[in-house]
1. With Rg and Dmax of the Cα atoms in Å defined as stated, name the option among [x] 19.6, 70; [y] 30.0, 91; [z] 18.2, 58 computed from the structure displayed.
2. Taking the Cα centre of the chain as origin, work out the dipole magnitude from +1 charges on Lys and Arg Cβ and -1 charges on Asp and Glu Cβ, in debye rounded to 20.
3. Expressed as a rounded percentage, what relative contact order does the chain have, with Cα pairs under 8 Å and six or more residues apart?
4. Which of ILE128, ILE105, ILE78 moves most in a GNM of the chain, Cα contacts under 10 Å?
5. Would you kindly derive the ³J(HN,Hα) couplings of segment 42-49 from the backbone phi angles with the Karplus curve 6.51 cos²θ - 1.76 cosθ + 1.60 (θ = phi - 60°), listing them in order in whole Hz, with x for Gly and Pro?
6. Pulled fully out, how much extra length does the chain show between SER114 and ILE151, if you take 0.36 nm times their separation in residues and subtract their Cα-Cα distance?
7. Rounded to the nearest 10 degrees, what's the angle between the helix 2-21 long axis and the longest principal axis of the chain, both from Cα atoms, 0 to 90?
8. What range in the chain is the longest one free of chymotrypsin sites (Phe, Trp or Tyr not before Pro) that are in a loop by DSSP and have at most 13 other Cβ atoms within 10 angstrom?
Amino acid sequence: MNRLLGYIFICIGLLTLFGLVNYEGTAIPVKEIWITLSILLISAGLFFLVKYKLINHNTHQNNSNFDRFLEIEELKKIGDKIKITLENSEIKSRNFYQEIINEAIPNKIEILDSVYDSNRNYKTQEIIQTYIVFYKEYNGKTYKYISKATIQNISRVKNLFERQKGFNLFIDPNNPTRYYFEFP
């Protein structure tokens, strides 16, 4: 409804605006008021279109989050629950460097430093990601299950394993590629 209303307002506003821009008659005494009203009508139409797009975008985003939530709940009900421990899984880590972008306007010293050496003001940050890898065989085929990455280091993840006595992995028995790690 918002989209239709927006298109109608925009069309009426544009027709009125283009019709009155070159109008030279005397039937409409103050054409500036009508031009202003047509611009307001176009603005209202744009408002309704933007409102429609935002509502549609948020609904789509909420639906995808809700769908994932339902999928996780279904896996918890029907899936094979496997206890992942330090003995039957691997903890792996990867690291990369990310550029730190300073969006502020550089001061005079930074500008002079960049003339001397362009890499002098370049800063990076090391990002370490840790994840769990678990292998399980279904129907004669070995599947690899990888948890979502966390920014905690390996020793912290091992401490979590020991404190919680492992983590749960839920695997769909009908489709072993669908799984969910209960990993913080």
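1. Identified label for the calculated read-out: [y].
2. Numbers: 23 positive and 19 negative charges, 133 e Å.
The dipole of the chain has a size of about 640 debye.
3. Working: 221 pairs, mean separation 38.1, N = 184.
Value for the chain: 21 percent.
4. Largest GNM mean-square fluctuation: ILE105.
5. Couplings: 5, 5, 5, x, 5, 4, 5, 5 Hz.
6. Numbers: separation 37, 0.36 × 37 = 13.32 nm, distance 3.23 nm.
Between SER114 and ILE151, full extension yields an extra 10.1 nm.
7. Orientation of helix 2-21: about 30 degrees from the principal axis.
8. Values: sites that count: TYR23, TYR122.
Value returned for the longest uninterrupted segment is 24-121.
Read-outs: derived from the displayed coordinates by stated rules, not from any lab. If you're wondering where the values come from, they're calculated on a predicted model, not measured in any experiment. All Cβ positions, even for glycine, are placed from backbone atoms using ideal geometry, and neighbour counts span all protein chains on display.
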